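Worksheet: one structure, shown below.
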Amino acid sequence: MILLVASTEDVASMNIRQQIIQHYGFERLSEQFQNNSVFQKTIGATVVRIVTLSEELIQFQEIEEFFAPELFIYLSRHKSRSGKPTLSVHTPGNFNTAEKGGIDRKISIAPSHAMKCALLEMNRRAGFNLPYEISYECTHHGPSLETPAMFIELGSSETEWQDVRAAEALAHATIAASSQTLEDAIVAIGIGGPHYSRKFTKLALTGPYAFGHIIPKYLVSRVDSSLLTQCLERTVEQVGTIVLDWKGIKGADKHSLVEVVQNTGIDVEKV
């Protein structure tokens with residue numbers, strides 16, 4: 001079972017939820033969760049269920065006490081200072097202190113194939129005259145889970161959160177992540193560059209790369225064998241390569257980083 005998680009505290013989340021229900025014929029079940037309706041649909045051989053929280057998505061760390069799906073897909077708003085219209089995807093968790101939900105220095109398990117399927121569908125839908133940037137984000141914020149988890153996000157302001165066409169695009173991306181599979185993908189960890197990685201996004205959209213955890217430039221100085229091992233072990237698929245955004249890494253961090261990544265025995269690429 002795959003669990004889609006929405007929140008009544010999130011306008012974009014409820015907008016995406018509505019588009020999924022409407023376009024894919026999800027049925028309302030008799031049960032409720034946090035006094036909200038539960039919906040379900042079998043897609044292929046997979047049961048996909050929608051639950052809605054009455055609190056913020058990133059703060060509900062206890063969700064695994066109630067559900068044990070194969071994958072959590074969170075439907076979420078995205079907010080940025082730039083306000084740029086953006087459709088994005090990432091794994092939750094914290095490389096550092098848990099300032100926005102989750103647990104200190106604990107990352108969730110990254111479903112790299114599912115995230116790439118979502119990214120590809122976002123990009124396809126954006127091609128239908130939808131002026132949104134498509135992007136991977138780095139791993140950040142809560143919850144920090146023991147189950148594979150990903151966020152599909154609509155941003156970056158109130159205007160976009162209420163955009164029905166953008167929410168519809170993310171509805172299709174969500175179902176793609178729930179039901180599509182990849183062949184011959186190169187599963188990668190990305191290190192370096194900004195919070196929104198154009199380089200890693202381009203590699204995934206134009207080639208075989210499927211990224212799991214992404215560590216941004218501002219956290220590269222914290223990368224040690226323990227953190228990198230956590231990224232490798234907490235990815236659903238076997239990681240085949242570590243990709244470094246070489247220009248997006250401070251010079252002072254490069255020598256120690258290269259030593260750490262080479263010690264993993266995993267192939268290393270610079271882009």
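To the nearest µm²/s, what D does Stokes-Einstein give for the range 194-271 at 4 °C and 1.567 mPa s, using the Kirkwood radius over alpha carbon pairs as Rh?
Rounded to a whole number, D works out at 100 µm²/s.
Looking at the range 119-150, which chymotrypsin sites (Phe, Trp or Tyr not before Pro) are DSSP coil and have at most 13 other C-beta atoms within 10 Å of their C-beta?
PHE128
Which of the trypsin sites (Lys or Arg not before Pro) across the range 192-271 are loop residues per DSSP, with 10 or fewer other Cβ within 10 Å? Each step should come with its number before you reach the end.
Numbers: sites: ARG198, LYS199, LYS202, LYS217, ARG222, ARG234, LYS247, LYS250, LYS254, LYS270; in loops: ARG234, LYS250.
Answer by residue number: there is no such site.
I'd like the distance separating the alpha-carbon centroids of the range 12-39 and the range 152-189, in whole Å.
Result: 17 Å between the Cα centres.
Out of the DSSP beta bridges found with both residues in the range 2-270, what percent are antiparallel (nearest 5)?
30
For the range 91-192, which trypsin sites (Lys or Arg not before Pro) are both in a DSSP coil and crowded by at most 16 other Cβ atoms within 10 Å?
Passing sites in the range 91-192 are LYS100, ARG105.
Hey, what's the Kirkwood Rh for the range 11-112 if you take every pair of different alpha carbons, in angstrom?
So the Kirkwood estimate lands at 15.5 Å.
Once both labels are modelled 7 Å past Cα along the beta-carbon direction, what's the GLU56-GLN262 spacing in nm?
Taking the two extended label points, one gets 4.3 nm.
For HIS23 and LYS247, compute 0.36 nm times the residue count separating them, minus their Cα-Cα distance, and round to one decimal in nm. Don't jump to the answer; show the numbers that get you there.
Working: separation 224, 0.36 × 224 = 80.64 nm, distance 4.24 nm.
Gain in length upon complete extension: 76.4 nm.
Just going by the charge dipole of the chain, with Lys and Arg at +1 and Asp and Glu at -1 on Cβ, which of THR264, ILE43, LEU4 is farthest out on the positive end?
THR264
Fully extended, how many nm does the chain gain between ALA45 and LYS254 (0.36 nm per residue separation, minus their Cα-Cα distance)?
Between ALA45 and LYS254, full extension yields 70.7 nm more.
From the convex hull of the Cα coordinates of the chain, what is the mean projected area in square nanometres? Can you show the working numbers first?
Values: hull surface 53.7 nm².
Here the figure is 13.4 nm², rounded to one decimal.
Is it possible to state the helix-based mean residue ellipticity at 222 nm for the chain, with each DSSP H run of 4+ residues giving -39500 (n - 2.57), the sum divided by total residues, to the nearest 500 deg cm²/dmol? What is it?
Calculated mean residue ellipticity at 222 nm is -9000 deg cm²/dmol.
State the Cα centre-to-centre distance between the range 73-126 and the range 200-235 in whole Å.
Value for the Cα centre distance between the two parts: 13 Å.
Can you compute log10 of I(q)/I(0) for the range 100-233 with the Debye formula, treating each Cα as one identical point scatterer, at q = 0.09, 0.18 Å⁻¹?
With one equal scatterer per Cα and no solvent, log10 I(q)/I(0) is -0.26, -1.08.
Given the C-alpha atoms of the range 43-83, compute the convex hull and give its volume per residue in Å³. Walk me through the numbers on the way to the answer.
On the way: hull volume 4.8 nm³, N = 41.
For the range 43-83, the hull spanned by Cα atoms encloses 116 Å³ per residue.
Which translational diffusion coefficient, to the nearest whole µm²/s, is obtained for the range 106-158 from the Stokes-Einstein equation, given a Kirkwood hydrodynamic radius over C-alpha pairs, 20 °C and 1.002 mPa s?
Answer, rounded: 171 µm²/s.
Only Cα pairs under 8 Å and at least 6 apart count here; give the relative contact order of the chain as a rounded whole percent.
Answer for the chain is 19 percent.
Throughout, read-outs are computed from the coordinates displayed, never taken from laboratory work. Values in this document were obtained by computation on a predicted structure and should not be read as measured data. Every residue, glycine among them, receives a Cβ derived from its backbone with ideal geometry; neighbour counts consider all protein chains shown.
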